[in-house]
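Here the structure comes first, spelled out in structure tokens, and everything after it is commentary.
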Amino acid sequence: QVQLVESGGGLVQPGGSLRLSCVASGRIFSIGTVNWYRQAPGKQRTLVAQSRSEGSTFYADSVKGRFTISRDNAKNTVHLQMNSLRPEGTAVYYCNVYAPDYGGYWGQGTQVTVSS
């Protein structure tokens with residue numbers, strides 16, 4: 001069983017930055033695809049950024065150029081650097097990982113609130 005723990009959320013003003021972190025209990029990040037999702041109140045959970053094990057990345061159009069996903073496989077950690085945050089970025093952000101033969105796992109989520 002893999003456990004994911006997110007941290008780094010909080011309250012930030014529009015235009016500000018936050019760095020989210022996700023730590024796994026095992027070395028699943030090195031073999032899996034890692035995703036950051038977010039879910040705003042009353043809305044569906046949507047994919048924000050993805051990092052594949054071979055090194056490629058994907059970003060939703062709404063965050064392209066402002067968010068960066070990175071991984072440190074040696075530390076079983078994935079980060080999401082979020083710059084130029086907007087009020088519509090207010091949501092619970094979830095870390096997710098999927099690896100063949102291991103399945104998929106979710107973290108508990110971390111709240112990000114963008115407000116002045």
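Screening E88 with (1) assigned to a loop (DSSP other than H, G, I, E, B); (2) of a type in the set (D, E, K, R); (3) within 16 Å of L18 (Cα to Cα) gives one miss only, at (1).
From the list V34, V63, V5, V12, which one is in contact with a Leu (Cβ under 6 Å, 6 or more places away or on another chain) and of a type in the set (A, V, I, L, M, F, W, C)? Step by step, each of V34, V63, V5, V12 is checked, and only V12 is in contact with a Leu (Cβ under 6 Å, 6 or more places away or on another chain) and of a type in the set (A, V, I, L, M, F, W, C).
Residue count for the stretch 25-37, restricted to those that are farther than 8 Å from V78 by Cβ and either more than 8 Å from the chain's Cα centre (by Cα) or exposed (fewer than 14 other Cβ atoms within 10 Å of the Cβ) (or both): 8.
Residue count for the stretch 38-65, restricted to those that are part of a loop (DSSP other than H, G, I, E, B), under 16 Å from H79 (Cβ atoms) and not small (G, A, S): 2.
Of the residues making up the stretch 53-83, those that are in contact with a His (Cβ under 7 Å, 6 or more places away or on another chain) and touching a residue at least 60 places away in the same chain (Cβ under 8 Å) number 0.
Among the residues of the stretch 42-61, those that are under 18 Å from S84 (Cα atoms) and either of a type in the set (V, I, T) or open to solvent by 70 Å² or more (accessible area, probe 1.4 Å) (or both) comprise V48, D61. For S115, indicate whether it is small (G, A, S) and in contact with a strand residue (DSSP E or B) (Cβ under 8 Å, 6 or more places away or on another chain). Yes, satisfied. Would you check if E88 is open to solvent by 60 Å² or more (accessible area, probe 1.4 Å) and either farther than 20 Å from G15 by Cβ or touching a helix residue (DSSP H, G or I) at 6+ places or on another chain (Cβ under 9 Å) (or both)? Here the answer is no, as E88 does not meet what is asked. Restricting L11, L20 to those that are part of a strand (DSSP E or B), buried (at least 19 other Cβ atoms within 10 Å of the Cβ) and in contact (Cβ under 8 Å) with a residue 40 or more places away in the chain reduces the list to L20.
Here is a yes/no grid of residues against (1) touching a Gly at 6+ places or on another chain (Cβ under 6 Å); (2) open to solvent by 30 Å² or more (accessible area, probe 1.4 Å); (3) of a type in the set (D, E):
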{"site": "A40", "(1), (2), (3)": "no, no, no"}
{"site": "V63", "(1), (2), (3)": "no, no, no"}
{"site": "V97", "(1), (2), (3)": "yes, no, no"}
{"site": "W106", "(1), (2), (3)": "no, yes, no"}
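Considering each of N83, N73 in turn, give the residue that is farther than 15 Å from Y105 by Cα, open to solvent by 50 Å² or more (accessible area, probe 1.4 Å), of a type outside the set (G, A, S) and touching a Phe, Trp or Tyr at 6+ places or on another chain (Cβ under 6 Å). So that I can check it myself, show each step before the final result.
On the way: N83 fails: touching a Phe, Trp or Tyr at 6+ places or on another chain (Cβ under 6 Å).
Just a single option satisfies the conditions, and that option is N73.
The values are calculated or read from the model by the stated rules, or taken from the named source; none is laboratory data. Only a predicted model underlies this, so the values are computations on that prediction, with no experimental measurement involved. Quick reminder, even Gly has a Cβ in these numbers, built from the backbone with ideal geometry, and neighbours come from all protein chains shown. Side chains included, ligands, DNA and RNA excluded: accessible areas come from the protein's heavy atoms. Shrake-Rupley method; radii C 1.70, N 1.55, O 1.52, S 1.80 Å.
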